[in-house]
Amino acid sequence: MSFLNLAFPAEAALPFAQSLMGMLVAYIRPALGLGALVTLVMVFKPLILGLAQAAVLLVKPRKSLEQRILAHKFSGKRMLNRMANEYSMTQPNFAAELRNMAARD
């Protein structure tokens with residue numbers, strides 16, 4: 001240790017301070033970048049969601065009202081037929097009634 005280290009302690013600590021600052025910047029820089037990315041996503045969220053919905057509609061267009069009503073009716077008929085199959089062994093009259101209800105329009 002020389003006399004100059006005692007006279008100028010800041011200069012002796014400068015390499016340690018530089019390495020400490022370098023480590024802090026190495027940890028802070030990705031966090032700032034991630035913060036900026038999150039901010040941009042939050043600002044442009046409505047635009048991003050709109051573009052995603054438009055892309056989904058291009059790939060899979062929405063069904064018309066008539067198609068949705070027919071699909072709902074068909075699912076109801078399938079449910080009645082499943083129930084009829086469950087009750088066919090124990091209560092055949094009830095199963096026949098369920099199949100009759102499913103056959104109606």
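The values are calculated or read from the model by the stated rules, or taken from the named source; none is laboratory data. Keep in mind that what you see is a predicted model, and the values were worked out from it rather than measured. All Cβ positions, glycine included, derive from the backbone under ideal geometry; neighbour counts span all protein chains shown. Note: accessible area is taken over every heavy atom of the protein model, side chains too, but ligands, DNA and RNA are not part of it. Shrake-Rupley method; radii C 1.70, N 1.55, O 1.52, S 1.80 Å.
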Flagged pairs (Cβ under 7 angstrom, 6 or more apart or on separate chains; first in segment 62-83, under 27 Å from ALA95 (Cβ atoms) and in contact (Cβ under 8 Å) with a residue 12 or more places away in the chain; second outside any helix (DSSP H, G or I) and open to solvent by less than 80 Å² (accessible area, probe 1.4 Å)) are none
State whether the residues of segment 43-55 include one that is open to solvent by less than 80 Å² (accessible area, probe 1.4 Å), part of a helix (DSSP H, G or I) and touching a helix residue (DSSP H, G or I) at 6+ places or on another chain (Cβ under 9 Å).
-> no
Using the structure shown, decide if LEU58 is open to solvent by 100 Å² or more (accessible area, probe 1.4 Å), over 30 Å from ALA96 (Cβ atoms) and part of a helix (DSSP H, G or I).
-> yes
